[in-house]
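Below is one structure, written out as structure tokens, with a few remarks after it.
The values are calculated or read from the model by the stated rules, or taken from the named source; none is laboratory data. From a predicted model like this one, the values you see are computed outputs, not experimental measurements. All accessible areas refer to the heavy atoms of the entire protein, side chains included, with ligands and DNA or RNA removed. Shrake-Rupley method; radii C 1.70, N 1.55, O 1.52, S 1.80 Å.
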Amino acid sequence: MSARLFAASVAVTAVVVAAVWITDLSFQRAALLAPVLVIGLGALAGLVMFWGRIGWDSLRRSRHPRLYVAGGLAFIALLIVLSLLGVNLPHE
């Protein structure tokens, strides 16, 4: 068995085990759905890489990148603090 085949087998097994751990699927059903899980994970990774690259390029070209990063981090910190305090925001 080549090293690449072994690495791919370990990666697919890790995806199946993670799917069993995260969801309430049985191991047999997750193993049966392994191709769908791998394709879905690859598509998700591709989207994250694509939009991350676009965001990074946009941030680099902006006039005040530190201000945008600070604002984003402040917004995330505000959401975390409100969640820890148990504040429920109103729904429409």
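Assorted remarks:
- Once region 35-87 is narrowed to residues that are of a type in the set (Phe, Trp, Tyr) and farther than 30 Å from Val17 by Cα, the residue that is least open to solvent (accessible area, probe 1.4 Å) is Phe75.
- Residues that are charged (D, E, K, R) and in a helix (DSSP H, G or I) were ranked within region 1-44; the one that is farthest from the chain's Cα centre (by Cα) is Arg4.
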